1. Note down all Cβ pairs under 9 Å where the first residue falls in region A:291-319 and is more than 7 Å from chain B (Cβ to nearest Cβ) and surrounded by fewer than 19 Cβ atoms within 10 Å (Cβ to Cβ), the second is part of a loop (DSSP other than H, G, I, E, B) and acidic (Asp, Glu), and they're at least six residues apart or on different chains.
2. I want to confirm something. Restricting to region D:324-351 and keeping residues that are outside any helix (DSSP H, G or I) and surrounded by fewer than 24 Cβ atoms within 10 Å (Cβ to Cβ), which single residue is farthest from the chain's Cα centre (by Cα)?
3. Any idea which residue in region D:75-99 is nearest to D:GLY32 (Cα to Cα), counting only those that are modelled with pLDDT under 70 and among the charged types (D, E, K, R)?
4. Output the number of the condition that A:GLN306 fails; it satisfies all remaining conditions of (1) out of contact with any Gly (no Cβ under 7 Å at 6 or more places or on another chain); (2) farther than 20 Å from B:SER99 by Cβ.
5. Can you find even one residue in region A:247-263 that is among the polar types (S, T, N, Q) and free of Cβ contacts under 8 Å to residues at least 12 places away in the same chain?
6. Tell me which residues, restricted to region B:210-235, are in a loop (DSSP other than H, G, I, E, B), within 30 Å of B:VAL336 (Cα to Cα) and either more than 7 Å from chain A (Cβ to nearest Cβ) or in contact (Cβ under 8 Å) with a residue 40 or more places away in the chain (or both).
7. Just one of (1) out of contact with any strand residue (DSSP E or B) (no Cβ under 7 Å at 6 or more places or on another chain); (2) surrounded by 17 or more Cβ atoms within 10 Å (Cβ to Cβ) trips up D:ILE157, so point out which.
8. Looking only at region A:61-79, count every residue that is within 27 Å of the chain's Cα centre (by Cα), outside any loop (DSSP other than H, G, I, E, B) and either more than 8 Å from chain D (Cβ to nearest Cβ) or among the hydrophobic types (A, V, I, L, M, F, W, C) (or both) and tell me the total.
4 protein chains.
Amino acid sequence: MSSTWGNKIRFSIFGESHGPAIGGVLDGLPPGMELDMDFIQQQMDRRKPGQDRFSTKRKETDQVEILSGFFEGKTTGTPLAFIIRNEDNRSRDYAALKSKMRPGHADWTGHLRYQGYNDYRGGGHFSGRITAPFVFYGAVAKQYLLENYGIQIVSRIASIGNVEDEVLDHLSADPLELLKKLKNQPFPVMEEAAGTSMKQVIDDARNQQDSVGGVVECMGFHIPAGVGSPFFDSLESTISHLIFSVPATKAALKGSQANDVFYYDEEGRMQAKTNHNGGIQGGISNGLPLVFRVAFKPTPSISKEQETVDIENKENVALSIQGRHDPCIVPRALPVVESCMAIALLEELVI
Amino acid sequence: MSSTWGNKIRFSIFGESHGPAIGGVLDGLPPGMELDMDFIQQQMDRRKPGQDRFSTKRKETDQVEILSGFFEGKTTGTPLAFIIRNEDNRSRDYAALKSKMRPGHADWTGHLRYQGYNDYRGGGHFSGRITAPFVFYGAVAKQYLLENYGIQIVSRIASIGNVEDEVLDHLSADPLELLKKLKNQPFPVMEEAAGTSMKQVIDDARNQQDSVGGVVECMGFHIPAGVGSPFFDSLESTISHLIFSVPATKAALKGSQANDVFYYDEEGRMQAKTNHNGGIQGGISNGLPLVFRVAFKPTPSISKEQETVDIENKENVALSIQGRHDPCIVPRALPVVESCMAIALLEELVI
Amino acid sequence: MSSTWGNKIRFSIFGESHGPAIGGVLDGLPPGMELDMDFIQQQMDRRKPGQDRFSTKRKETDQVEILSGFFEGKTTGTPLAFIIRNEDNRSRDYAALKSKMRPGHADWTGHLRYQGYNDYRGGGHFSGRITAPFVFYGAVAKQYLLENYGIQIVSRIASIGNVEDEVLDHLSADPLELLKKLKNQPFPVMEEAAGTSMKQVIDDARNQQDSVGGVVECMGFHIPAGVGSPFFDSLESTISHLIFSVPATKAALKGSQANDVFYYDEEGRMQAKTNHNGGIQGGISNGLPLVFRVAFKPTPSISKEQETVDIENKENVALSIQGRHDPCIVPRALPVVESCMAIALLEELVI
Amino acid sequence: MSSTWGNKIRFSIFGESHGPAIGGVLDGLPPGMELDMDFIQQQMDRRKPGQDRFSTKRKETDQVEILSGFFEGKTTGTPLAFIIRNEDNRSRDYAALKSKMRPGHADWTGHLRYQGYNDYRGGGHFSGRITAPFVFYGAVAKQYLLENYGIQIVSRIASIGNVEDEVLDHLSADPLELLKKLKNQPFPVMEEAAGTSMKQVIDDARNQQDSVGGVVECMGFHIPAGVGSPFFDSLESTISHLIFSVPATKAALKGSQANDVFYYDEEGRMQAKTNHNGGIQGGISNGLPLVFRVAFKPTPSISKEQETVDIENKENVALSIQGRHDPCIVPRALPVVESCMAIALLEELVI
């Protein structure tokens, strides 16, 4: 419903893969922030296409032009608008695809959602290209979080296909070491051998005219305790809200990793052979059953003795939680989970 | 930041486990909707405590009192406020826990977030009890979705501990059959034998003064295609936003299912032995590394020939996608994932 | 569209004049605030009906019951929900009015807006009674503003009918003197003689089975400079947004002060004899021309020499603004004013 | 707090008078709308500077460049971003004004609000130039409202200084006649003689190196009845919210029309000689008493017999409202009005 995110800082994005420009507006940035334009461009470069054999050959410089809210090298506190011109959009590649729905893409759901008026070239507004404004804002956010709180954010490739990187102990990890090790790799993994195997998996996929998925692990260090809220803006809620807006994130909500095959049956009705995407493509329902799974942790209240802290006396204590508690919350959770689906759908469908 | 969710219908919730009442306000319901109060109470009863040996012994009738927005049996279109009085809150059980932080609970993060002023009894506003208003609204939503779109929402216990229910083929499943089979079971599974084993796992946990987690699978049928948006309100984004507000949903974002042990070290600083909750408890950061994993599906654009539909000619066609595409999107996705974490944190932490 | 106001603190109101209760939810109050319940009740009493011969005889104690977010005398930081039970609602008075549209009331616009399902008794959700939750929240806000910033807010009756209170010099006024003088008057004016005349005007109106309007002047002292924003949340914008939600505020947007007479013409179409309400009743369009007037101040840029301050050198200077400026902005303002009307209507009417 | 307005359609604006460009993002426009670019440019031209002797000599073509959300001449339904390059910004004119606060402008309040980092040239983000994006969106809105509802919006100059145009009977006015008469006038008034006198008033002001204000009357015809809401989004609330964001609208909230003179007193404290702006400049508090007046209409419930309609029997009836009602609501309204001020301030000032 909305291409705007956030309350204290409102982030509005726009653009299509093959339109004149993509960009965003950041409303609510603090005044007087000296933007590190080198750092920002460096982050843009990590995402931009055409860098090596593992990415698309589309060439974009992804140069950011700031139009407002920035004066004498510092943010003014008024809305900061920025644009990135599209340069290498070969629209002719897509003319043939206007009516042929690419499996696994949002072509069909986008066509329905926008009543056939969406810019279909290169996925239009659904394109992964629209994540460039995320990275611009992400770079500004990283700079602020580091300067004001010492927060470090780092990520690695945890797996490609079935090849996994080594397990990391996040509690004992030194974020500066991690950053140093990972940030200069074009293919950031902890274990070099794992990286080599992963690249082989990608090469194999390409040689078979296929593609392959994987998992990213993201870690944040030195985040102050006490940030977030119980309802509805839990930290998990807000992070996952953003994550599931990123094209190609495999909904942890669904089961598999491959394209669904749609076809017309003998009576001319569109049907599907599979439901790998759990009923959602490009963030939009595709008419198949909407399926997701929610894991519930064991009830934390147990009568078994546990170690913990007493914050008044500032001492370590043993605790056996008395009183009445569920040994398993799952059976009672069903109507709650169903309610989440029903509420989210009602918000979209109420007339 | 906000206990209000939704735009077209704003849902505001309130209440603490041991306060006088919990409830909510629904602003934007269509006027003239005849609420099926029996169905609503039946849904409330599915969630309410004290029903069998698998749940807490707290007894609540969970009777809903509607205070406004409801006139002569129908919604008026003005805000509908409802409350549920708390009846069986034995606050004395909790006096001892004021300063002893229960592991795996939001006691400590809540204490920090609300500067020590939160109602700690029974988890206060973090209590699973606050999901009762979800279920009230969920029942209203289900009624509307069924009456206006024929949408059926049904869920089952997919696993408890390591015991899994049978695999379901959602494409061929008949929702009415599913509903009939599942809705009258207090312990809804497809396969009776699996249910028996699951109950045994729960009994074992309780006998060991422990608890156990599991997975719920939720399915929606007859959802019209074309519902949702690419940014930022993808259908996955809005469902997951709500799901991660439900206490005890194991963040699909983190790794394990058990309580973290905090302790004071020799110099009186609080430390943790584990980071099973990935740095978030009750939706709030606990000061440990914030860790989550995001799966990316294989790039859907592949040059290999695939079957698909041509929506203009309404025919089945073979498609080999030419042009330039990434064989694997994962390496370029890292800065985007990091940006999501940075943006979500900045929204909380900007001064 | 929305019964929720505010971002940092979300205020949700609900209730009907003759329903079981009215109330609100305050989400985002700081934790640890010790609410002064005596002060709050005293403010509620200033607004409540049945106090003297100048107000309705409906008797309400307007006792506030807090349901959540308040623990051991202090706010918890979680949503604070409060209700006020309706006690003296004689619904039989209103049965006869179900289909007879009271002139000047929102009976007809409410009927249309809510498709005939609104609770029509006593104006339902449009009743002035719904301002009681405003006053509760206002009292909490006043307490916070005084304790944290020393802000004093005081108001007086500036006129009733054509009788005006004396002119006040706000720059030299002492807010504590003003408060002392005004707060203990049931009929707060500066000049006693003016008050006596005003009361006579009201008595005359009542004796003629009529009513009379007037003007309130509200003053805030010790408000820090630098609060507000240029777009769209100018301090005038947010105050006027709230003010125009209060039933019976005469839209400064329209021209007169009396009821409009609707009638059926010979062909059974509803027509109006007057358009005193400028096309809006109860916040909702009534189908008559929507008319408002906007005053523009003289362009502040003038080349005539003016006195002002130089904030760098901290000195008083004379200033003659050179450059290019409009001697009168009004002619160019027309399309902007029209745009405001068009934008506000589109937000409501877009399909 | 926010440069974004609207829910169903979010309008985000950005830009400074002397920055590279100003513009906006429109998120939520319906797909498939064929924008009438000639009509849009014609509306832009009505507002643009440099047209005749009554406006500033700054020359801007105000050509709109659409960057996204627009494909093959139609809206796509995805965010439509547009920019207007600034061309004739002579920044040198403003260098001298960096520290000298122009009376009546937002120079000082903007300096405080943005901690000295705002772009001060030409008023920066406070400039009337930022209304160009309003007019672009207004033109799109007018086109939609006319095509879908037959709504006509027209305005005129109602007064300049003390010279008033003739009184208009809005009920009997023919909107097409009005439009025809007014839309081709560069100086739109009903009565030619009044227009001539008004122009003389402007010429006189300019000759005296001064400026003059006035009043715009805006009229909307064929607006369907039933549009708007009681709380908080009354139609008056949303229109006034936008109107008071327009620079130079004289707050109907305050009393006079001239610049306030600030000075440093002998002890170096900034003081004011007058409070003509009622404590608000550029939407931001200036530290002087915040003063506004609110008119209340006579209580519409009167026992005197009135004519009205019975919508059930569809007949004209006489009505004498029995029951209990206030002969004058003003004395009870004081705490409500104060609450509006307190609530608006708390939203800004809560920590």
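1. Once the first residue is more than 7 Å from chain B (Cβ to nearest Cβ) and surrounded by fewer than 19 Cβ atoms within 10 Å (Cβ to Cβ) and sits in region A:291-319, its partners that are part of a loop (DSSP other than H, G, I, E, B) and acidic (Asp, Glu) give A:ALA318/A:GLU305.
2. Only one residue tops the list, namely D:ARG324.
3. By that ranking, first place goes to D:ARG90.
4. (2)
5. Within region A:247-263, one or more residues are among the polar types (S, T, N, Q) and free of Cβ contacts under 8 Å to residues at least 12 places away in the same chain.
6. none
7. Exception for D:ILE157: condition (1).
8. Matching residues across region A:61-79 total 1.
The values are calculated or read from the model by the stated rules, or taken from the named source; none is laboratory data. Note that the structure is a prediction, hence the values are computed from the model and not measured. So basically every Cβ, Gly included, is an ideal-geometry build from the backbone, and we count neighbours across all protein chains shown.
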